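A.B. asks: One structure is given below, represented as structure tokens, and several questions about it will come after.
Laboratory data are not the source of any read-out in this text; all were calculated from the coordinates shown. Just so we're clear, the structure is a prediction, and the values are computed from it rather than from any experiment. Here the Cβ positions follow ideal geometry from the backbone for every residue, glycine too, while neighbour counts run over all protein chains shown.
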Amino acid sequence: MKKYRILVVPSDRFGVGMYRSLTPHIELEKKYPSEFKVDIDYNPDLNNNEFLKKYDLIHYHKTLGKWEEHESLLNRLDELGVKSIMDIDDYWAPGQHHPGYNMIKKHELDKKVLNNLKSSRNITTTTSVFAETLKKFNKNVFVLPNAINDKDKQFIANPTESDKIRFGWLGGSAHLPDLKLLRGVVNQLKSDNLIEKTQFVLCGFDLRGKVTEIDQKTGEQTQRNIKPQESVWYEYERIFTDDYKTISDNYKKHLLQFKENEYHDVINEPYKRVWTRPISSYASGYNNFDVSLAPLVENKFNECKSQLKTIEAGIHKKGLIAQDFAPYKIDGINLVEKGGKINEKGNCILIESRKNHKDWYKNIKRLINNPELINIMGENLYKTVKNNYTLDIVTDNRRETYLKILKT
């Protein structure tokens, strides 16, 4: 049996690089050592043909080498008999709502990625939904979803105890339009005297970052550290506390000091802030809540997102309330059928966008009053994830995909 050599060129050492390049290929060699030898190189010598010829397959994220040299490099790999795969995990042209929009437009990254899509020999991506968009530009698209190592400590459920029903959100800094869909929910709970039974948990709170200021007279640009009240996380927090009106005065004072020490009586407050953690432990944030919230504005960029929140919530056996939209429709089986009937096989609650104004609150209230439904969802979602998205299963699919590409 031939042993194939694979060169992996990650885009970074964290986040996308870990999920799409590092972890999956380390596992591939670990599980199939007689079939694959994997080298990971952030700065390979792409000008050296003798170096490139050592490999049977090169895997990269969005671009291999300089953008302008991508197509000529792939032609050279063809001549050398080296197969290549471009991986892409998100839509290349986000709308103006996205914090990276101006930078992407300025450097024409959307056009560059699209050009690479068209010229790439093979493409791997996260979901069948995104694959349909990609196939408009390239027919050789393979779905290899994000996967999690269910033996990794951060993905082993170890929930903290609470007398409250806790609703949590864990994510990054590009989701303000999505979280705005929840504005008003906390106020409604307070009006209906349900806030005392509830706690909202915001995971990933992060005040790192810079602000660029431009002198209007000279045009000179300077950078400074972002102020807490300028951060999107401050805006997130205002949504989950109804502008800090649901929490005690002492707790509000504590939060607005923006220090990482935990408030002594946070267990009795209707809101909890969880500061950002490294990627090696971020998912342990799920242990702080019972139900994961996944609101999502309907647009092309969000349509092409992966269902990572589904996967993370499921492996932790959490309830999930998610948008009835693209990534969450892939695996979502609605617990609540028309007329309010409960589907015992449901693994989440899906919210139609046209009913955002009432159904987020309606279903959060439903779970507060019927907490047994959380366990039904959690167990069912766990089975969905365990059967489809563990690293072990996706690695088997990756092996089959690579062998198919290598043998054509």
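A.B. asks: Within a Cβ distance under 12 Å of Val274, other residues only, what is the Lys/Arg minus Asp/Glu net charge?
C.D. replies: Local net charge: 0.
A.B. asks: Starting from the Cα gyration tensor of segment 10-69, take the square roots of the eigenvalues, sort them a ≥ b ≥ c, and report rounded, prolate or oblate (rounded when a/c is under 1.5, otherwise prolate if a/b is larger than b/c, else oblate). Let's see the in-between values first.
C.D. replies: On the way: a/c = 2.63, a/b = 1.19, b/c = 2.21.
Oblate, since a/c reaches 1.5 and b/c is not below a/b.
A.B. asks: Then there is this: Stretch Lys111-Lys329 to full length: gain in nm at 0.36 nm per residue minus the Cα-Cα span?
C.D. replies: Numbers: separation 218, 0.36 × 218 = 78.48 nm, distance 2.90 nm.
Between Lys111 and Lys329, full extension yields 75.6 nm more.
A.B. asks: Expressed as a whole percent, how much of the Cα-Cα distance distribution for the chain exceeds 37 Å?
C.D. replies: The proportion of pairs with Cα distances above 37 Å equals 29 percent.
A.B. asks: While we're on this one: Given the DSSP H assignment, sum -39500 (n - 2.57) over each helix run of at least 4 residues in the chain and divide by its residue total; what's the result at 222 nm in deg cm²/dmol, nearest 500?
C.D. replies: Numbers: 16 runs with 136 residues, N = 408.
It lands at -9000 deg cm²/dmol.
A.B. asks: Report ³J(HN,Hα) in whole Hz for each residue of segment 218-223, in order, from the Karplus equation J = 6.51 cos²θ - 1.76 cosθ + 1.60 where θ = phi - 60°; Gly and Pro get x.
C.D. replies: Working through the residues one at a time gives 9, x, 5, 9, 10, 10 Hz.
A.B. asks: Okay, moving on. What order do you get for Val394, Val211, Val186 when you list them from fewest to most C-beta neighbours inside 10 Å? List each step's numbers first, then the result.
C.D. replies: Values: Val394 20, Val211 12, Val186 26.
Sorted ascending by nearby Cβ count, the order is Val211, Val394, Val186.
A.B. asks: Something else now. Could you give the length gained on full extension between Lys197 and Glu230, defined as 0.36 nm per residue of separation minus the Cα-Cα distance, in nm?
C.D. replies: Length difference between fully extended and current span is 8.8 nm.
A.B. asks: With a cap of 16 neighbouring Cβ atoms within 10 Å, and only residues DSSP puts in a loop, list the GluC sites (Glu not before Pro) found in segment 160-258.
C.D. replies: Glu161, Glu220
A.B. asks: Between Ile26 and Leu403, what FRET efficiency follows from the Cβ-Cβ distance if R0 is 25 Å, with the result rounded to 0.05?
C.D. replies: 0.85
A.B. asks: Okay, moving on. What ranking do 174-180, 284-290, 263-269 get when scored by the average of other Cβ atoms within 10 Å per residue, highest first?
C.D. replies: Going from most to least packed, we get 284-290, 174-180, 263-269.
A.B. asks: Summing +1 for each Lys or Arg and -1 for each Asp or Glu, what net charge is found among the other residues whose Cβ lies under 12 Å from the Cβ of Glu372? Write out the running numbers ahead of the final one.
C.D. replies: Details: positive: Arg366; negative: Asp290, Glu344, Glu379.
In short, -2.
A.B. asks: Can I ask one more? Using a Förster distance of 41 angstrom, determine the FRET efficiency expected from the C-beta separation of Lys135 and Ile267, and round it to 0.05.
C.D. replies: That pair, Lys135 with Ile267, gives E of 0.25.
A.B. asks: In which sequence would Leu114, Leu181 go, from the one with the fewest C-beta neighbours within 10 Å to the one with the most?
C.D. replies: Going from least to most buried by this count: Leu114, Leu181.
A.B. asks: Could you compute the net charge surrounding Glu262? Neighbours are other residues with a C-beta less than 14 Å from the C-beta of Glu262; K and R count +1, D and E count -1.
C.D. replies: Surrounding charge for Glu262 is +1.
A.B. asks: Given 0.36 nm per residue, what is the gain on full extension from His97 to Met18 after removing their alpha carbon distance, in nm?
C.D. replies: Fully extending the segment from His97 to Met18 adds 25.8 nm.
A.B. asks: For a quick check: sort Ile58, Ile333 by the number of other beta carbons within 10 angstrom, fewest at the front.
C.D. replies: Ile333, Ile58
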